[in-house]
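Notes follow once the structure below has been shown.
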Amino acid sequence: MTNLMVLDPRAAFVDVGSERMHVSVAGDTPQVFGAVTSQLHALRDWLVAQGVVSVAMEATGVYWLPLFSVLEEAGLKVVMVNGRQTKNLPGRKTDMADCQWGATLHSHGLLRGGFVPPANIRQLQDYVRLRNDHIMAAASNVQLMQKALERMNVKLHDVISQLTGVSGMAVVRAILAGERDPERLLALCDVQIRRAKADRVRESLRGTWAPEHLFALRQAVQIWDLYQVQIADCDREIQALLPDPSQTLPPDTPPGSPPSTPSGTPPSTAGGRRKRPARGNAPAIPQLRTILAHLCGGRDLAALPGHTEYTVLQIVSEVGTDLTKWATSKHFTSWTGLAPGTKQSGKRRGSVKRSRNRAGRLFCVMARGLARSKDMALGGFYRRMAARRGGLVANIALARKLATLFWQVMVKGLDFVEEGLASYEAKVQQTKQRTLARLAKEFGQQLVPIQKPA
């Protein structure tokens with residue numbers, strides 16, 4: 001029996017913790033360092049003195065991020081691995097033994113590194129994720145507003161579509177200022193609301209006005225306003241990280257126009273329809289679509305079905321702009337958790353539940369919005385899949401298609417052309433006809449078309 005070849009005799013492994021870092025080189029006696037900045041620099045200097053070129057570590061919470069930045073700046077190759085790859089034998093679980101075992105595996109080339117975005121994308125990722133946290137926190141205060149209104153038997157949020165819209169917040173702020181007349185409150189709403197829902201809004205604004213519930217409503221509005229300021233601050237920081245729009249547009253391009261493809265023609269939207277402008281929680285960054293197209297090498301991903309400027313920004317902050325790190329689209333969908341796993345032992349096959357990362361969940365959100373489309377081919381695919389396998393499976397299947405399309409556009413530079421629902425249904429009918437013809441031939445039968453009456 002031959003010994004396993006050692007590929008890197010100076011490979012190191014770090015068992016990351018919140019207070020201590022256990023380091024071993026090629027499975028030798030571990031060294032223990034602290035987690036403060038000076039100790040991280042001492043760890044870096046010790047690795048360099050030991051002639052270490054490649055360091056592996058587990059992605060433990062957020063504790064690995066400071067050490068990763070220090071080692072990356074020192075020019076060391078840092079390999080982030082999944083903890084399942086370094087799982088030790090039962091009964092031998094200690095930090096000292098873990099770092100020795102991990103270093104031994106790494107020296108033999110048995111550890112496979114995961115994806116870590118470059119430094120500029122990680123900086124963008126921090127701002128985008130912080131912005132999403134503010135949005136979720138603000139949403140909880142919207143629920144508190146609705147609760148306070150319900151306690152006062154004010155049903156405004158049941159009549160209008162969005163309480164935090166212009167009309168809803170104008171009415172809420174007037175209520176907090178002391179206005180109680182339903183007619184005057186109705187006059188603050190948009191003209192379309194007054195034209196279509198005047199009677200309903202008027203009746204919904206007759207409440208009890210209890211002081212304790214008005215106090216709860218006021219505090220919820222104040223905190224919601226605070227989060228809007230924080231979100232706007234995040235937008236400014238994100239805009240500062242993105243390319244300057246004045247350098248991405250040609251001199252004769254009017255502001256607000258969509259970016260052009262490399263051939264010089266504007267990209268086609270889904271089905272030839274103009275996409276709706278961004279609303280809701282979309283960042284207030286001027287010419288965001290053009291900036292993202294320049295960032296992605298001239299590829300206008302917002303023209304793809306289900307994609308908006310905001311979703312493209314979120315996905316780019318998670319995966320970056322260089323998708324060649326995934327050899328094929330199947331590798332990319334597997335990394336997002338949208339592809340099914342394999343579990344086979346002999347003749348037995350089982351299903352594996354894959355957890356979707358942030359990028360995979362974003363594609364699922366995009367798929368849910370695309371499933372409601374009435375004239376797009378991917379919407380027809382969702383409904384056809386949902387009828388057979390259910391909505392959850394259909395959502396993941398459609399999200400996988402969107403992830404594949406995203407990878408193909410970013411890596412291959414393909415231009416997407418929406419064929420429409422009618423073209424998709426025609427292809428489905430052709431597939432069914434071919435299947436019927438094959439089955440008829442297999443059973444020695446002949447297909448006879450039914451003559452439709454004139």
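The values are calculated or read from the model by the stated rules, or taken from the named source; none is laboratory data. It should be emphasised that the depicted structure is a prediction, and the values quoted were computed from it without experimental measurement. Counting neighbours? That spans all protein chains shown, and the Cβs are built from the backbone with ideal geometry, glycine included. These accessible areas exclude ligands, DNA and RNA; they are computed on the full protein's heavy atoms, side chains included. Shrake-Rupley method; radii C 1.70, N 1.55, O 1.52, S 1.80 Å.
A few notes on this one:
Matching residues to (1) at pLDDT 90 or above; (2) assigned to a helix (DSSP H, G or I):
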| residue | (1), (2) |
| --- | --- |
| C189 | yes, no |
| I193 | yes, yes |
| D199 | yes, yes |
| R206 | yes, no |
| L226 | yes, yes |
| E237 | yes, yes |
| P250 | no, no |
| P266 | no, no |
| A278 | no, no |
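- Of the residues making up the stretch 280-298, just one is in a loop (DSSP other than H, G, I, E, B), open to solvent by 20 Å² or more (accessible area, probe 1.4 Å), touching a Leu at 6+ places or on another chain (Cβ under 9 Å) and not small (G, A, S), namely Q287.
- Of the residues making up the stretch 405-413, at least one is open to solvent by 40 Å² or more (accessible area, probe 1.4 Å), under 19 Å from C296 (Cβ atoms), modelled with pLDDT of 85 or more and of a type in the set (S, T, N, Q).
- A387 being small (G, A, S), open to solvent by 60 Å² or more (accessible area, probe 1.4 Å) and over 25 Å from A293 (Cα atoms): yes
- Every residue from the stretch 366-391 that is under 22 Å from L313 (Cα atoms) and part of a loop (DSSP other than H, G, I, E, B): A371
- Selection from the stretch 141-154 of residues that are touching a residue at least 40 places away in the same chain (Cβ under 8 Å) and open to solvent by 70 Å² or more (accessible area, probe 1.4 Å): L144, K147, R151, N153
- Residue pairs whose Cβ atoms lie under 7 Å apart, sitting 6 or more positions apart in sequence or on different chains, and linking a residue in the stretch 179-197 that is touching a residue at least 12 places away in the same chain (Cβ under 8 Å) to a partner that is charged (D, E, K, R) and in a loop (DSSP other than H, G, I, E, B), are P182/R206; L185/E179.
- Candidates in the stretch 27-55 are the residues that are of a type in the set (G, A, S) and part of a loop (DSSP other than H, G, I, E, B); of these, the one that is farthest from A103 (Cα to Cα) is A35.
- Checking each residue in the stretch 13-50 for being more than 33 Å from the chain's Cα centre (by Cα), touching a residue at least 24 places away in the same chain (Cβ under 8 Å) and open to solvent by less than 40 Å² (accessible area, probe 1.4 Å) picks out H22, V23, S24, V25, A26, G27, P30, L43, L47.
- Scanning the stretch 87-101 turns up no residue that is free of Cβ contacts under 8 Å to residues at least 40 places away in the same chain and touching a strand residue (DSSP E or B) at 6+ places or on another chain (Cβ under 8 Å).
- Taking the stretch 56-84 as the range and being out of contact with any strand residue (DSSP E or B) (no Cβ under 9 Å at 6 or more places or on another chain) and in a helix (DSSP H, G or I) as the test, the residues that pass are L65, P66, S69, V70, E73, R84.
- Residue within the stretch 51-64 that is farther than 27 Å from N120 by Cβ and either aliphatic (A, V, I, L, M) or surrounded by fewer than 20 Cβ atoms within 10 Å (Cβ to Cβ) (or both) present: yes
- Scan of the stretch 118-140 for residues that are open to solvent by less than 50 Å² (accessible area, probe 1.4 Å) and touching a Ser or Thr at 6+ places or on another chain (Cβ under 8 Å), ordered by number: I121, L124, Q125, V128
- Taking every residue in the stretch 433-454 that is surrounded by 10 or more Cβ atoms within 10 Å (Cβ to Cβ) and pairing it with any residue that is assigned to a loop (DSSP other than H, G, I, E, B), at least 6 positions away or on another chain, the pairs with Cβ-Cβ distances below 6 Å are A440/L447.
- Taken over the stretch 339-368, residues that are at pLDDT 90 or above and touching a strand residue (DSSP E or B) at 6+ places or on another chain (Cβ under 7 Å) amount to 0.
- Total residues in the stretch 337-358, condition without any contact (Cβ under 8 Å) to a residue 24 or more places away in the chain and among the hydrophobic types (A, V, I, L, M, F, W, C): 1
- Tallying residues that are closer than 19 Å to Q125 by Cα and touching a Leu at 6+ places or on another chain (Cβ under 9 Å) within the stretch 344-358 yields 1.
- The one condition from (1) at pLDDT 90 or above; (2) in contact with a Pro (Cβ under 6 Å, 6 or more places away or on another chain) that M96 does not meet is (1).
- Candidate set from the stretch 155-183 (those that are in a helix (DSSP H, G or I) and either in contact with a Lys or Arg (Cβ under 6 Å, 6 or more places away or on another chain) or of a type in the set (D, E) (or both)); member that is surrounded by the most Cβ atoms within 10 Å (Cβ to Cβ): V159
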